[in-house]
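Chemist: Have a look at the structure that comes next, please.
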Amino acid sequence: MKMKIFLLPTIVILGMPGLLKAEESGKHLFILSGQSNMARFKPALWFTPGISEALGADNVIVSFHAQGGQPISKWYKEWKSGKGETDPDAGKIYDAMMEATKAKMEGEKIRTVTFVWMQGEADSKAQNSDVYLASLNGLKKQLEQDLKRTDLNFIIG
């Protein structure tokens, strides 16, 4: 299956609640991750209140894990450069993100999962843009496997 990637400004996220139905059973999980821009994002100031108002605070789980200046290899465990190089720390940020996310999900029925991603500058600077799309596809598959779902909403900011 070919992944469609939509590059949207993060402000568009607030328009998403119209697409989601809070009255259906289960909670809406939002995983926010990435590097510098996401690390400065501070979702508790506007994202979480906005999404909670739209869907109901009891219907929303927001998991936030970001670290500035990091390449996608810190999330994608099977990352390889265009030259075939690997990263000994591949997936370390992802593992921490998933540990925190799974703790928030524990005992909850999850209706939808939306992954909001802001990252890429570090890969551009390191000249790894040639493998970025493959890495992003790999990250999506990794999330699908770990969350045991194939219906992820994937937003790139």
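Chemist: For the range 57-90, name all the residues that are in contact with a Leu (Cβ under 6 Å, 6 or more places away or on another chain) and either outside any strand (DSSP E or B) or closer than 14 Å to Q35 by Cβ (or both).
Modeler: F64, W75, Y76
Chemist: Quickly run through the range 103-156 and pick out the residues that are in contact with a helix residue (DSSP H, G or I) (Cβ under 9 Å, 6 or more places away or on another chain), of a type in the set (D, E) and closer than 30 Å to K83 by Cβ.
Modeler: Matches in the range 103-156: E121, D123, D146.
Chemist: Right, another one. Filter the range 18-56 for residues that are of a type in the set (A, V, I, L, M), within 18 Å of the chain's Cα centre (by Cα) and assigned to a helix (DSSP H, G or I); which is modelled with the lowest pLDDT?
Modeler: This residue is A39.
Chemist: In addition: Can you name the residue in the range 106-138 that is assigned to a helix (DSSP H, G or I) and among the polar types (S, T, N, Q) and, of all such residues, is farthest from K148 (Cα to Cα)?
Modeler: Out of the qualifying residues, it is S124.
Chemist: I would also like to ask the following. Regarding E78, is this residue within 17 Å of I31 (Cα to Cα), modelled with pLDDT of 95 or more and acidic (D, E)? If you could, list the steps in order and put the result at the bottom.
Modeler: Details: within 17 Å of I31 (Cα to Cα): no; modelled with pLDDT of 95 or more: yes; acidic (D, E): yes.
In short, no.
The values are calculated or read from the model by the stated rules, or taken from the named source; none is laboratory data. Fair warning: this is a prediction, and the values are worked out from it, not measured in the lab. Heads up, the Cβs are rebuilt from the backbone with ideal geometry, glycines too, and the neighbour counts pull from every protein chain shown.
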